[in-house]
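Q: Just passing along the structure, written as structure tokens.
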Amino acid sequence: MNCTNFRNSIFSWSENDFSAFSAAELEAHSKECADCSFLLEEFRKTMAIIEQEKRIEPNPFAETRLLQKLENYKEAENWWDFPVPKPFLRPIYLGLGITAAILLGVVMGFEEGGIYLNLTSKITNIESVRSELNVPDIMGEDIIEFSNQ
Amino acid sequence: MTDKELISGIINRDNVAIQHLVVNFHKKVIKTAYYFVHDMQDAEDLAQDVCIEILESAKHFKGMSSLNTWIYRITVNKSLNFIRKNKRKQLFSQIEAVFMNRDGSHAVERLEPSYIDTKFDDGERKVLLGKSINTLPENQRTAFILSKYDELPYKEIAEIMNVSLASVEQLLHRAKMNLQKKLIVHYAEYSTKKQ
Ligand SMILES: [Zn+2]
């Protein structure tokens with residue numbers, strides 16, 4: 001038994017696996033080699049840390065926090081959860097959507113067009129423009145004279 | 001409540017089923033995540049992510065494995081992803097410098113007799129252990145944590161990792177040999193540093 005053999009067997013020894021070397025051989029080397037003895041002791045103490053870590057308990061409020069988080073998730077899900085139509089209804093939903101978009105476009109077009117038509121009709125009526133902008137009559141005559149030149 | 005009932009309850013967002021999920025699995029999920037990330041707050045956040053993932057993916061659960069195995073698989077994947085994404089944040093990588101010699105080289109493997117008087121405390125041992133486990137390849141690390149910390153039977157570890165029983169045995173053997181080697185190197189490095 002040399003130091004390398006011993007160091008390669010530390011884990012097996014800690015698990016009572018003596019397939020490579022017997023317990024007696026390992027014990028004999030650890031008694032005569034201070035280095036390996038130190039390593040063996042440290043290894044055992046380090047492995048005991050695993051047992052300590054296994055006993056660690058989560059924060060007692062972690063469960064409450066999780067339940068709240070799941071509740072929030074469910075609420076957010078409901079908020080975004082639009083009813084998904086069954087496959088055979090999808091063309092109908094699509095058709096309805098397109099019709100709604102066209103109708104909306106037409107209505108908006110009418111409104112915009114109406115404003116434009118109103119404006120142009122008012123502009124053609126010079127009298128109403130003049131009264132709306134408080135343009136004095138004399139100025140209008142100057143413009144007409146100027147345009148006639 | 002059977003796995004099937006629980007899953008269908010979760011899909012329907014039934015409060016009783018969700019409560020059952022939390023009561024029966026939450027603590028286990030936190031602890032497993034903690035064994036990977038070594039930080040309780042991160043483990044708690046990960047457990048929340050795992051439970052949200054369960055709610056999101058319940059409809060895809062086919063029952064090919066047990067619910068327990070499926071939840072373990074999600075937990076392991078989330079934990080490994082977290083470690084990959086937060087490598088800089090990891091406690092053990094932050095103290096990497098402690099284990100390096102001044103010239104930046106790693107300490108020699110040979111443990112000099114004069115170093116054997118070095119006394120480690122449990123805090124230092126915890127750091128050494130965490131650092132050593134965290135530097136194992138992912139599949140060895142997973143097999144080791146599920147076996148040594150979660151105390152799961154090889155068969156369940158094989159199902160969680162989606163590998164054969166023989167592979168689990170091999171991964172565990174390699175993990176132990178690597179861990180033993182890494183620990184011995186770290187004892188030497190840290191002893192040198194403490195001198
Ligand atoms: Zn020796």
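Q: Counting other beta carbons within 10 Å of each residue's own, what order do A:Lys69, B:Lys85 fall into, fewest first? Before the final figure, lay out the partial values.
A: Numbers: A:Lys69 16, B:Lys85 9.
Least crowded to most crowded, the residues run B:Lys85, A:Lys69.
Q: Further question: Within the set A:Lys54/B:Lys126; B:Lys85/B:Lys131; B:Lys119/B:Lys182; A:Lys54/B:Lys148; B:Lys27/B:Lys182, which residue pairs have Cα atoms separated by over 21 Å?
A: Values: A:Lys54/B:Lys126 12 Å; B:Lys85/B:Lys131 17 Å; B:Lys119/B:Lys182 18 Å; A:Lys54/B:Lys148 9 Å; B:Lys27/B:Lys182 30 Å.
Pairs exceeding the cut-off: B:Lys27/B:Lys182.
Q: Still on this model: Would you mind ranking B:Met40, B:Met177 so that the residue whose beta carbon has the fewest other beta carbons within 10 Å leads the list? Let's see the in-between values first.
A: Working: B:Met40 17, B:Met177 14.
In increasing order of surrounding Cβ atoms, one gets B:Met177, B:Met40.
Q: Still on this structure, please answer the following. Set the Förster distance to 45 Å, then compute FRET efficiency between B:Met1 and A:Asn16 from the Cβ-Cβ distance, nearest 0.05. Write down the numbers at each step before the final one.
A: Details: r = 40 Å, r/R0 = 0.88.
For R0 = 45 Å, the calculated efficiency reads 0.70.
Q: Taking the Cβ-Cβ separation of B:Asn12 and A:Phe88 as r and a Förster radius of 30 Å, what is the calculated FRET efficiency to the nearest 0.05?
A: Working: r = 24 Å, r/R0 = 0.80.
Efficiency for this residue pair is about 0.80.
Q: Rounded to the nearest 0.05, what FRET efficiency do A:Asn5 and B:Asn81 give with R0 = 51 Å and r taken as the Cβ-Cβ distance? Could you check? Could the numbers behind the result be given before it?
A: Numbers: r = 40 Å, r/R0 = 0.78.
Computed FRET efficiency for A:Asn5 and B:Asn81: 0.80.
Q: Still on this structure, please answer the following. What's the extension gain from B:Asp121 to B:Ser66 if we count 0.36 nm per residue and subtract their Cα-Cα distance?
A: On the way: separation 55, 0.36 × 55 = 19.80 nm, distance 4.10 nm.
The B:Asp121-B:Ser66 span can extend by a further 15.7 nm.
Q: Where Rh is the Kirkwood radius over the Cα pairs of region A:3-54, the temperature 10 °C and the viscosity 1.306 mPa s, what D in µm²/s does Stokes-Einstein return? Provide the component values of the computation, followed by the final result.
A: Numbers: Rh = 11.3 Å.
D, rounded to a whole number, is 140 µm²/s.
Q: Which of B:Trp70, A:Trp79 comes first, and how do the rest follow, when ranked by fewest Cβ neighbours within 10 Å? Each step should come with its number before you reach the end.
A: Values: B:Trp70 21, A:Trp79 8.
If I rank by nearby Cβ atoms, fewest first, I get A:Trp79, B:Trp70.
Q: Follow-up. Using alpha carbons only, how many angstrom separate the centre of region A:48-76 from the centre of region B:15-64?
A: 9
Q: Between B:Arg73 and A:Gln68, what is the label-point separation in nm under the 7 Å Cα-to-beta-carbon projection?
A: Going by the 7 Å Cα→Cβ label model, 3.3 nm.
Q: Report the paramagnetic label zone for A:Lys54: residues of region B:150-164 whose backbone N is under 13 Å from a point 7 Å from Cα along the Cα-to-Cβ axis.
A: Counting backbone N atoms under 13 Å from the label point, the list is B:150-153.
Q: Calculate the tail of P(r) for region B:142-194: the fraction of all Cα-Cα distances greater than 14 Å, expressed in %.
A: Working: 782 of 1378 pairs.
So the portion of pairs separated by more than 14 Å is 57 percent.
Laboratory data are not the source of any read-out in this text; all were calculated from the coordinates shown. Fair warning: this is a prediction, and the values are worked out from it, not measured in the lab. Every residue, glycine among them, receives a Cβ derived from its backbone with ideal geometry; neighbour counts consider all protein chains shown.
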